[in-house]
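A.B. asks: Before anything else, here's the structure in question.
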Amino acid sequence: MNDLTDSNYLKFPITIAITGASGTIYGIRILQFLLENNYKVELVISESASKVALDELNVSLSLNPEILKEQVLSYLELKNNKKIQRVLLNTWAHNDIAASISSGSYRTLGMIIIPTSMGTLGAISSGTSDNLITRAADVCLKERRKLVLVPREMPFNTIHLENLLKLSKMGAIIAPASPAFYHKPKELIHLVDFVVGKALDLFGIEHSMFKRWKEESREPAIFQ
Ligand SMILES: Cc1cc2nc3c(=O)[nH]c(=O)nc-3n(C[C@H](O)[C@H](O)[C@H](O)COP(=O)(O)O)c2cc1C
């Protein structure tokens, strides 16, 4: 079923998962864009994501969903001095396999796992559905909903490559965290925004996160 019609965009949520690959900043940034632009989000983070967030960004992301919600909202609001509607964000514990997004009957626009660790990639590829992230991804595959994976690893071993190919053949979109340079990035955030913008493109979501090829008229929007 293709739920990506205009009228559904603000009606149904997008599931965002952040796993323990390097690049928590991608996950935070896409949350910022979606919530500031009034998209509904279902958020789940892995245990490792919480550790990496602290290590890379010095940001606390709790595994308790209520605390996580407050942490994410206050972090984003503080960063950009912009109020976010509380109702837009639902947060879930990674082991809550009874969460709404664990069922295909709960409608979402699809799911973006950003960044995707090789561990989560392997679990989705083998269909273990052993936590809420892998189960929600499994649901997207079975319901033929959009599943965008943003893997971050270098180099890839053969298992990684086989898992990526297998998931691509099943309909998942593999959108690696490999920023381009043709938009002439000047700051770190421009590299981040290229990756985030490409993930948004895959959902058909309008944005100006980066200057497109041959688009001369404007500089990329810089979110704070
Ligand atoms: C600081 C840090 C950076 C990491 N970077 C990566 C990475 O880029 N890619 C990856 O696949 N795993 C990375 N890992 C390892 C994963 O966190 C680990 O495999 C974990 O079991 C993944 O669990 P998850 O998929 O449930 O998040 C990193 C771990 C740490 C602590």
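A.B. asks: For 201, 55, what's the largest-to-smallest order of accessible area, 1.4 Å probe?
C.D. replies: 55, 201
A.B. asks: Tabulate in residue order the Karplus-calculated ³J(HN,Hα) for the stretch 134-141, using 6.51 cos²θ - 1.76 cosθ + 1.60 with θ = phi - 60°, rounded to whole Hz; enter x for Gly and Pro.
C.D. replies: Going residue by residue, I get 6, 5, 5, 5, 4, 4, 4, 5 Hz, with x marking Gly and Pro.
A.B. asks: Check which residues have an amide H placed less than 5 Å from residue 146's amide H, if you skip close sequence neighbours.
C.D. replies: HN-HN under 5 Å from residue 146: 111.
A.B. asks: Could you go through the stretch 80-85 in sequence order and give the Karplus-derived ³J(HN,Hα) for each residue, using 6.51 cos²θ - 1.76 cosθ + 1.60 with θ = phi - 60°, rounded to whole Hz, and x for Gly and Pro?
C.D. replies: Coupling constants for the stretch 80-85: 10, 6, 9, 6, 10, 5 Hz.
A.B. asks: Between the stretch 86-158 and the stretch 14-49, how many Å separate their Cα centres?
C.D. replies: The stretch 86-158 and the stretch 14-49 have Cα centres separated by 12 Å.
A.B. asks: Suppose only helical runs count, i.e. DSSP H with n ≥ 4. What mean residue ellipticity at 222 nm does that imply for the chain under -39500 (n - 2.57) per run, divided by all residues and rounded to the nearest 500 deg cm²/dmol?
C.D. replies: -12000 deg cm²/dmol
A.B. asks: I'd like the accessible area for residue 111, computed on protein heavy atoms only with a 1.4 Å probe and all protein chains in place. Round to 10 Å², please.
C.D. replies: 0 Å²
A.B. asks: Test of understanding: what is the full-extension gain from residue 169 to residue 60, defined as 0.36 nm times their sequence separation minus their Cα-Cα distance?
C.D. replies: Here the segment from residue 169 to residue 60 would lengthen by 35.6 nm.
A.B. asks: With +1 assigned to the C-beta of every Lys and Arg and -1 to the C-beta of every Asp and Glu, and no other charges, what is the dipole magnitude of the stretch 6-202 about the Cα centre in debye, to the nearest 20?
C.D. replies: 520 debye
A.B. asks: Quick one: Karplus J couplings for the stretch 145-150, per residue in order, coefficients 6.51, -1.76, 1.60, θ = phi - 60°, nearest Hz, x for Gly and Pro?
C.D. replies: 9, 5, 10, 10, 10, 10
A.B. asks: Using mean Cβ contacts within 10 Å as the protection proxy, how do 147-153, 180-186, 162-168 order, highest first?
C.D. replies: 147-153, 162-168, 180-186
A.B. asks: Amide H of residue 91: which non-local residues (sequence gap of 5 or more, or other chain) have their own amide H closer than 5 Å, using H built in the peptide plane?
C.D. replies: Here 43 satisfy the definition.
A.B. asks: Using a 1.4 Å probe on the protein heavy atoms, what percent of the accessible area of the stretch 6-202 belongs to carbon and sulfur?
C.D. replies: 54 percent
A.B. asks: If you average the sequence gap of Cα pairs under 8 Å that are 6 or more apart and divide by the length of the stretch 1-151, what percent do you get for the contact order?
C.D. replies: After rounding, I find 30 percent.
A.B. asks: Ordering 213, 92 by accessible area with a probe of 1.4 Å, largest first, what comes out?
C.D. replies: Result, largest first: 213, 92.
A.B. asks: Return the equivalent ellipsoid semi-axes of the stretch 6-202 as a descending list in whole Å, where each equals the square root of 5 times an eigenvalue of the C-alpha gyration tensor.
C.D. replies: Semi-axis lengths for the stretch 6-202 are 23, 21, 17 Å.
A.B. asks: Compute the accessible area per residue over the chain, keeping the other protein chains in place, probe 1.4 Å, unit Å².
C.D. replies: I get 47 Å² per residue for the chain.
The values are calculated or read from the model by the stated rules, or taken from the named source; none is laboratory data. What you see is a predicted model; the values in this text were computed from it and never measured. In this analysis, Cβ positions are derived from the backbone assuming ideal geometry, glycine residues included, and neighbour counts consider all displayed protein chains. Heavy atoms of the whole protein, side chains included, go into the accessibility calculation; ligands, DNA and RNA do not. Shrake-Rupley method; radii C 1.70, N 1.55, O 1.52, S 1.80 Å.
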